[in-house]
Amino acid sequence: MNHNTAAVLPRLPVPDLQKTLTKYLDSLRPFLLQDATHGGTSYDEALALRTKWADEFLNGIGRVCQERLHELDRNSPDNWLDDNFWLRSYLQWRVPLLIHSNWWLVFNDDPLQPSETRRTPGFTEWQLRRAAWLVHRTLELKDKVKLQELHPVTTRTGVWIQENISKMFNLARIPQRNCDVLSQITPASDPLSHNIIVMVDNWFYTLRAYDSGTGNSSPRTSINAETLLSRLNAIVRDATNRTGSAPEVGMLSADERDSWASNLQSLLSISPQNINTHDTIVKSLMCLCLDRETYTAFSSSSSSSLPQPSTMSQASLDSHLHAIRSVSSNVSNRFFDKPYSIIVDPSGRAGAMGEHSPVDALVPSIVGEYAVVQHVEMLEPVSSDIAKEGWSRLDWVIDDDVVEAIHAARERAEANIKNSDDSLLWFEEYGSDWIKSAGFSADAYIQMAIQIAWYRTTGEFTATYETALTRMFNKGRTETIRTLTLESRAFVLAMTDDAKSTSNETKILYLRRAAQKHTSLTRDATTGRGIDRHLLGLRNMLRQKERTELFDDALFSKSQEWRLSTSGLSAGHHFRGTGFGTVYENGYGINCKYYLIFEPEPFFKKSNTSIDLAAPTMVKFGVETKFSGKGTSTEIFKGAIYDALREMREIIIQIPNSKDTISNEQLITSRL
């Protein structure tokens, strides 16, 4: 195939300053209305003050900052919002990657796995077989993309996938005081670039996943799944025969970043062996974590009044979720700094977890789906001679200070795990087919349900973040969709009208206006006309002693306190769910985007001659908050989402052909 005509992605534009300020003021309206209803400054007066500050910024320092942004853009190889902004926003964050920052994906079970193998304790044959297959499929996708057999760069999507998948492998986040760094992607000429890290019982091993090629011009190819399986068997045998316990160095990577930075420096100073071990991990392709135990434990949803998932108990679903997110029994069998880690337990349950800064979580979702979409083949073992080669131990030398640091890190990690209120909601009454047939964007519709759930459980409105991808641009990553709008506020108030003075027809009118507004904001965000990245850039252009009322305003910060943080982590049908942690203790991290609004999903049943497909449409949510958070509860919030989705459908069915006659004045005065 000729790939000489590569698609060229346009540069991310610097948005128009006046348009950004107009949109920003519009986003403040629901906050101003809420403040006015609680006895604060009148809506008109508060809006006039912010408008004054915006005008002063536009005609003063803002114009200077805008020109500085244009100058930065002219001097940047890719765009003005390049890795300098992105990496600072991620890498300066000092909280642990465990739960707070890393994403996690929960894979469907392999339908061909015999049921009797799911209850075997300890390391199991099926566990290793599935692990080998998932690694094989992951590297197969990596190779096919690199060779442009899949997603060639002749399309814009191909350019985006080529660039982003390459950032998932052969690098790691490295802890440093105040601000971490990302390692450079390991070149193919480095032998360490062809290895994966295997973690077993907290021991580290390195496994060669590519052959050595037949010459300088011959490309290396990933080894077959049978050879991977044989090497994994050999590694597990070695780990289980070792005397004593492994030092839980992986636990240190789950700690606060400054603590991990100090402890890593101590480790590296103890022995050159530790330098080699860490270097090998950093340069490796990825991690494979083989857990000894199948985690089963009580979850906050175990006694839920919500309908149970159709194919398993809620407790089983959540225990799988928690095992991939990390729990006390497996948290030290992880290395949280790697962008992609596959996790498999003895029952064959599997998933992935990874560090967020190199790529956005949709990218590993694409990789994960490719790995699981094809079921595990019946792998034949290879000769024992092959199993003896291609892997080696990767040990650490530790001292008493490191042992003490590990104990302290475990205490903090277990506290974070214990505080995470994390669960999945499968809403199985309808999905995107019905939502679209009713004339709504599935994404906008689901976002409105979340707004209802928040208001009903808190009695107030809050800033809401939804991720939009700017992948149509060169090096584009994300932009913010501000879901809380004047229109969504009016709809929520109509739906929560205790006096029942709002007709169903009016509720639908408000819903259509809110959904249309959300769709418009989504379009702006994905086409480089969002506001939050622009506002970030403008603030970064301020120099020492330069100030502006616009950014000093308390409402500027409040409008970015994303107590509701929503994002889509899945690209398809092959995950039980996904998750990420909330930034705010009294908030929620929710993955709910249209990627998770499924058409009939294939649950596979093995017959004598074929695999049958059957399942209802559904919506899947991953919800995480903190048990210590005041006024938040994952179980209560799941119930509120469930009720909102049912009520929204009920009113639409009753009045399917409503006309939009709601005025802007009605939106403002709604329950003012």
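Values in this text are rule-based calculations from the coordinates and carry no lab data. Since we're looking at a predicted model, the values are computed, not measured. When we count neighbours, we look across all protein chains shown, and the Cβ atoms used for this are built from the backbone with ideal geometry, even at glycine.
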*What percent do you get for the relative contact order of segment 25-97 when only Cα pairs under 8 Å and 6+ apart count?*
16
*asked:* What would the Debye equation give as log₁₀ I(q)/I(0) for segment 242-378 at q = 0.09, 0.12, 0.22 Å⁻¹, counting only Cα atoms as equal point scatterers?
replied: -0.35, -0.61, -1.46
_Ranked list, fewest to most other Cβ atoms within 10 Å of each Cβ, for Ile652, Ile450_ = Ile652, Ile450
*Please identify the trypsin sites (Lys or Arg not before Pro) of segment 501-547 that satisfy two criteria: DSSP loop assignment and at most 11 other Cβ atoms within 10 Å. Which are they?*
Arg543, Lys545, Arg547
*How many percent of Cα pairs in segment 407-559 exceed 21 Å?*
61
*Which order results if Met648, Met378, Met312 are arranged by neighbouring Cβ count within 10 Å, fewest first?*
Met378, Met312, Met648
_I'd like to know which of Trp391, Gln113, Ser189 lies farthest towards the positive end of the charge dipole of the chain, counting +1 on Cβ of Lys and Arg and -1 on Cβ of Asp and Glu._
Ser189
*Name the residues whose placed amide hydrogens come within less than 5 Å of the amide hydrogen of Phe107, ignoring near sequence neighbours (fewer than 5 apart) on the same chain.*
Ala350, Gly351, Ala352, Arg576
_Quick check on my link table: of Lys436/Lys500; Lys19/Lys507; Lys167/Lys558; Lys23/Lys52, which ones sit more than 25 Å apart, alpha carbon to alpha carbon?_
Lys436/Lys500; Lys19/Lys507; Lys167/Lys558
_Sequence gap at least 6, Cα distance under 8 Å: using those rules, report the relative contact order of segment 449-533 to the nearest whole percent._
33
*What label, among [x] 29.0, 123; [y] 25.8, 80; [z] 24.6, 75, belongs to Rg and Dmax of the Cα atoms in Å computed from the structure on display?*
[y]
*In debye, nearest 20: dipole of the chain around its Cα centre with unit charges on the Cβ of K, R (+) and D, E (-)?*
960
*asked:* If you filter segment 614-651 for trypsin sites (Lys or Arg not before Pro), then keep DSSP loop positions with at most 15 other Cβ within 10 Å, what is left?
replied: Lys630
*For helix 532-541, what angle does its Cα long axis make with the longest principal axis of the chain, in degrees from 0 to 90 and rounded to 10?*
90
*Would you be so kind as to identify which of Ala499, Tyr465, Ile481 lies farthest towards the positive end of the dipole of segment 387-544, taking Lys and Arg as +1 and Asp and Glu as -1 on Cβ and the Cα centre as origin?*
Ile481
*Taking the radius of gyration and the Kirkwood hydrodynamic radius from Cα positions alone, what is the Rg/Rh ratio for segment 143-188, to two decimal places?*
1.14
*Of the DSSP beta bridges with both residues in the chain, give the percent that are antiparallel, rounding to the nearest 5.*
75
*Could you run the Debye sum over the Cα atoms of segment 520-588, one equal point scatterer each and no solvent, and tell me log10 of I(q)/I(0) at q = 0.13, 0.17, 0.26 Å⁻¹, two decimals?*
-0.60, -0.91, -1.19
*Across 5 Å bins from the origin, how do the percents of Cα pairs in segment 56-175 run, short distances first?*
2, 7, 10, 12, 13, 14, 14, 10, 7, 4, 3, 2, 2, 1, 0
*Which aspartates and glutamates does Lys418 reach when only Cα atoms under 18 Å apart count, and residues fewer than 8 places away in its own chain are ignored?*
Asp255, Glu256, Asp318, Glu585, Glu624, Glu635
*What spacing in nm lies between the two simple spin-label points modelled at Thr296 and Val181, each 7 Å away from Cα in the Cβ direction?*
4.8
*For helix 486-495, what angle does its Cα long axis make with the longest principal axis of the chain, in degrees from 0 to 90 and rounded to 10?*
90
*Report relative contact order for the chain in percent, whole number only (criteria: Cα-Cα under 8 Å, sequence separation at least 6).*
20
*Please report Arg292, Arg325 as a ranked list, fewest other C-beta atoms within 10 angstrom at the top and most at the bottom.*
Arg292, Arg325
*Using only the Cα atoms of segment 10-71, each taken as one equal point scatterer with no solvent, compute I(q) by the Debye sum, divide by I(0), and report log10 of the ratio at q = 0.15, 0.20 Å⁻¹.*
-0.55, -0.79
*asked:* Over segment 1-114, what portion of Cα pair distances is larger than 23 Å, expressed as a whole percent?
replied: 63
_Signed unit charges on C-beta, dipole axis of the chain, positive-most listed residue Phe336, His38, Asn540_ = Asn540
*May I ask for the angle, rounded to the nearest 10°, between helix 225-240 and the longest principal axis of the chain, with both axes built from Cα atoms and the value confined to 0 to 90°?*
80
*Sequence ranges 137-148, 159-170, ranked by mean other-Cβ count within 10 angstrom, highest first*: 159-170, 137-148
*Counting only DSSP beta bridges with both residues in segment 452-599, tell me the antiparallel percent, nearest 5.*
40
